[in-house]
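The values are calculated or read from the model by the stated rules, or taken from the named source; none is laboratory data. What you see is a predicted model, and the numbers here were worked out from it, not measured in a lab. Heads up, the Cβs are rebuilt from the backbone with ideal geometry, glycines too, and the neighbour counts pull from every protein chain shown.
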Amino acid sequence: MNFLSINACGIGGTGKADWIKGLKQEHDIDFLLIQETKKDDISRVSISNFWGNKEFNMEFASSVGMSGGLLCIWDPVLFEASSYVKKNKFLIVSGKIKGSGLILNVVNVYAPQSVSAKKDVWFELSNCLEDLPGMWVVGGDFNAVRDPNERRNSRFNNSCAANFNSFIFNSGLRKYDLKGCRPLPVSFSDHGPILLITQMKNFGAKPFRVFNSWLEKEGYKEAVENSLEGFNISGPPDYVLIQKFAAVRKGIKEWRDEMKKKEGEISSRALEELEDLE
C-alpha cells in the first residue's frame, strides 16, 4: 500500500483539493492522511474532490473550532476497516489488508504545540499501540523533531525531542529516512507532503536447485562441461564467477528440461504397454 500524509492547513480554498488529488493520482496512493482540516463537520465536504472518481471509504475526527481536524481516506479494495479510535489529536483506523489478512493500524496525528500536551498525546498513543494487535503506520504532523539538525529557523527544545524519541523507541516504531523533498506552493500549504511508497523489489533470479540424484543421470556431467565451452568473459573475479554460474545454470536447465521430456515420453509408453497387458 502507498500512503500520503499532508497538513492541508484547511481543506477549503480554490485549487487545494485538485492539488491533493493530483498527488494521490500521481503516486498511486491507497491511503490518504490529512491533518488540520479545520472542519468540525465533513458531511458537507465533497471527499471525491480529494480522491477522484474511484471508490473510497473515509473517517474523520472533528476540529475544535478552526483548530485541528483529521481526515483519513482509503481504497476499500485494498483495505477493510473494522474499528476506529478517535481522539482530539489523533485518529486510528484499524483493519485488514485484503488478500493477505494482515492486521494494519494507520494513525493520523496532529500534535499540539506545547511540550506537556505533546507528551500526553505520546502517552495515549503508546497505550493504543500496546492494546491493538498488528502492524502500524504512524503519520501526520508531530510538531516535534528528534535532533537539532531537523530544526530550521526555530529553537530546538531538548525536552520535547527527548519525549518524542522515547515514544518512538518504547513503541518499537521505526523512522524512515526522507528523500526527494521539494518545495511546494505556499498558496496550498506551508507543509510538505510525505509519501510512504511500497514497491515490489527484484532481488534477482530465484535460487536454482540441483538435486543429488541428477549427478548419476545420463548427460548431466556433459551438460555442465559443455556450458563452459568457449566461455571468455573478462572483468573483476567476482563478476567472472557470477557469469560462470549463470552459464552453468543455463546449461543444466536445458539438460533438465530435455531429461523431463524424455522421461515423460518413457512414462507414457510404459503406461500404454501396461494398458495393453491388462
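Numbers for the structure displayed
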| read-out | value |
| --- | --- |
| Flag for GLY180 being touching a strand residue (DSSP E or B) at 6+ places or on another chain (Cβ under 9 Å), part of a loop (DSSP other than H, G, I, E, B), modelled with pLDDT of 80 or more and of a type outside the set (Asp, Glu) | no |
| Residues that are under 24 Å from ILE6 (Cβ atoms), among the small types (Gly, Ala, Ser) and in a helix (DSSP H, G or I), drawn from the stretch 93-123 | ALA117 |
| Residue among VAL109, VAL121 that is more than 16 Å from the chain's Cα centre (by Cα), under 27 Å from VAL77 (Cα atoms) and crowded, with 22+ Cβ neighbours inside 10 Å | VAL109 |
| Some residue of the stretch 9-26 being over 20 Å from LEU196 (Cβ atoms) and either of a type in the set (A, V, I, L, M) or part of a strand (DSSP E or B) (or both) | yes |
| Subset tally (residues that are part of a helix (DSSP H, G or I) and over 27 Å from the mean Cα position of the chain (by Cα)) for the stretch 139-162 | 5 |
| Extreme residue, surrounded by the most Cβ atoms within 10 Å (Cβ to Cβ), among residues of the stretch 124-134 that are over 18 Å from PHE169 (Cβ atoms) and touching a residue at least 12 places away in the same chain (Cβ under 8 Å) | LEU132 |
| Subset of the stretch 7-51 [surrounded by 15 or more Cβ atoms within 10 Å (Cβ to Cβ) and in contact with a Lys or Arg (Cβ under 7 Å, 6 or more places away or on another chain)] | ALA8, GLY10, ILE11, LEU32, VAL45, PHE50, TRP51 |
| Conditions (1) touching a residue at least 60 places away in the same chain (Cβ under 8 Å); (2) among the aliphatic types (A, V, I, L, M); (3) more than 22 Å from TRP136 (Cβ to Cβ); number of the one not met by MET1 | (3) |
| Some residue of the stretch 56-67 being touching a Pro at 6+ places or on another chain (Cβ under 9 Å), part of a loop (DSSP other than H, G, I, E, B) and closer than 20 Å to LEU132 by Cβ | no |
| Condition met for MET1 (of a type in the set (A, V, I, L, M, F, W, C) and at pLDDT below 95) | yes |
